Amino acid sequence: MTSQRNNLQIYNDVADNWWSDDIRWVRTLKNLVPGRLKWFDKHTDWQGKTVLDLGCAGGFMAEAIARKGGRVTGIDPAQDAIEAAKHHAADSDLDITYDVGVGEEMPYPDDSFDIVVCVDVLEHVRDLTQVLAEVARVLKPGGKFLYDTINRNPFARIAAITIAEDMLRLLPKGTHDPAMFIKPHELRTAMKNAGLVCGPQTGLGPRGMNSRMDLTFGPLPFKTVIYMGTAQLPKAVP
């Protein structure tokens with residue numbers, strides 16, 4: 001039987017163990033955070049900024065940004081993962097707001113956030129055009145959009161599906177649907193159509209291993225598989 005693709009139930013299934021470090025693929029998601037921030041930190045100042053972590057799951061990125069001084073709100077459709085995020089933030093004495101919801105219809109007023117962060121999400125959403133429209137709506141004028149996603153090409157399919165899911169089990173089988181991967185120029189066009197001004201893009205991928213023999217990640221010069229980037233909502237005209 002063919003396994004389900006773009007299976008988002010996995011985030012609820014492991015919610016009780018999200019912060020335990022017992023599940024290898026969840027550790028992989030955690031290990032991606034420092035690599036993303038190594039590049040994102042060069043393009044924004046988190047201190048005192050209102051930040052939305054769109055597709056926050058159990059809160060790895062949200063907590064990292066909160067520790068850098070951001071005033072963070074996280075949103076995700078996985079209710080059990082959101083509950084895990086709430087409990088861990090409270091146990092860690094971090095003031096993070098978490099909501100259950102989807103990117104296509106966010107429960108926030110216009111001009112709510114200085115920064116929207118969206119990592120490991122865009123290749124999963126039901127309606128990319130609507131999600132980007134919502135991102136532009138909730139950003140303040142001059143606000144920044146920071147993201148990563150997976151490129152669509154044969155090599156990315158082999159790396160993300162055949163190797164990461166089927167062979168190495170870095171992710172559960174069925175996590176991704178390769179048909180939903182997004183080429184960089186396609187995303188740039190979609191962001192432009194949403195009213196965002198595109199900034200730089202760079203690659204993201206394995207850079208080494210830690211003591212548990214888990215992959216560690218960082219910026220790469222090529223965007224063949226995972227790529228990350230920035231965009232900005234234009235400032236209001238006086």
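The values are calculated or read from the model by the stated rules, or taken from the named source; none is laboratory data. All figures in this text were calculated on a predicted structure; none of them were measured in a lab. Don't worry about glycine lacking a Cβ; one is built from the backbone with ideal geometry, like all the others, and counts go over all protein chains shown.
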Q | Test: residue in the range 143-150 that is outside any strand (DSSP E or B) and surrounded by 21 or more Cβ atoms within 10 Å (Cβ to Cβ) | A | no
Q) Only one residue in GLY74, GLY103, GLY69 is among the small types (Gly, Ala, Ser), surrounded by fewer than 18 Cβ atoms within 10 Å (Cβ to Cβ) and touching an Asp or Glu at 6+ places or on another chain (Cβ under 9 Å). Which one? A) GLY69
(Q) Taking the criterion of being in a loop (DSSP other than H, G, I, E, B), crowded, with 17+ Cβ neighbours inside 10 Å and not aromatic (Phe, Trp, Tyr), would at least one residue in the range 186-199 satisfy it? (A) yes
Q: Tell me which of these TRP46 doesn't satisfy, since it passes every other one: (1) under 16 Å from GLU134 (Cβ atoms); (2) aromatic (Phe, Trp, Tyr); (3) crowded, with 19+ Cβ neighbours inside 10 Å.
A: (1)
Q) Which condition number in (1) part of a helix (DSSP H, G or I); (2) within 20 Å of TRP25 (Cα to Cα) is the one that SER211 fails? A) (1)
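Test LYS223 against the criterion of being buried (at least 17 other Cβ atoms within 10 Å of the Cβ), touching a residue at least 24 places away in the same chain (Cβ under 8 Å) and over 15 Å from the mean Cα position of the chain (by Cα), and give yes or no.
Answer is yes for this residue.
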Q.
Being of a type in the set (Asp, Glu), surrounded by 13 or more Cβ atoms within 10 Å (Cβ to Cβ), within 21 Å of ASP21 (Cα to Cα) and in contact (Cβ under 8 Å) with a residue 12 or more places away in the chain: is that true of ASP177 here?
A. no
Q | Pick from the range 200-218, criterion under 17 Å from the mean Cα position of the chain (by Cα) and either closer than 20 Å to LEU171 by Cα or among the hydroxyl-bearing types (Ser, Thr, Tyr) (or both), ranking: surrounded by the fewest Cβ atoms within 10 Å (Cβ to Cβ) | A | THR216
(Q) Being modelled with pLDDT of 95 or more, part of a loop (DSSP other than H, G, I, E, B), surrounded by fewer than 24 Cβ atoms within 10 Å (Cβ to Cβ) and not charged (D, E, K, R): is that true of GLY35 here? (A) no
(Q) With the structure loaded, tell me whether SER112 is modelled with pLDDT of 95 or more and surrounded by fewer than 21 Cβ atoms within 10 Å (Cβ to Cβ) or whether it fails that test. (A) yes
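Out of the range 87-121, which residues are outside any loop (DSSP other than H, G, I, E, B) and without any contact (Cβ under 8 Å) to a residue 24 or more places away in the chain?
HIS87, ALA90, ASP91
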Q. Which condition number in (1) assigned to a helix (DSSP H, G or I); (2) surrounded by fewer than 24 Cβ atoms within 10 Å (Cβ to Cβ); (3) touching a residue at least 60 places away in the same chain (Cβ under 8 Å) is the one that ALA81 fails?
A. (2)
Q. Do you know which residues across the range 1-37 are closer than 24 Å to ALA66 by Cβ, out of contact with any Phe, Trp or Tyr (no Cβ under 9 Å at 6 or more places or on another chain) and not hydrophobic (A, V, I, L, M, F, W, C)?
A. ASN12, ASP16, ASN17, SER20, ASP21, ASP22, ARG27
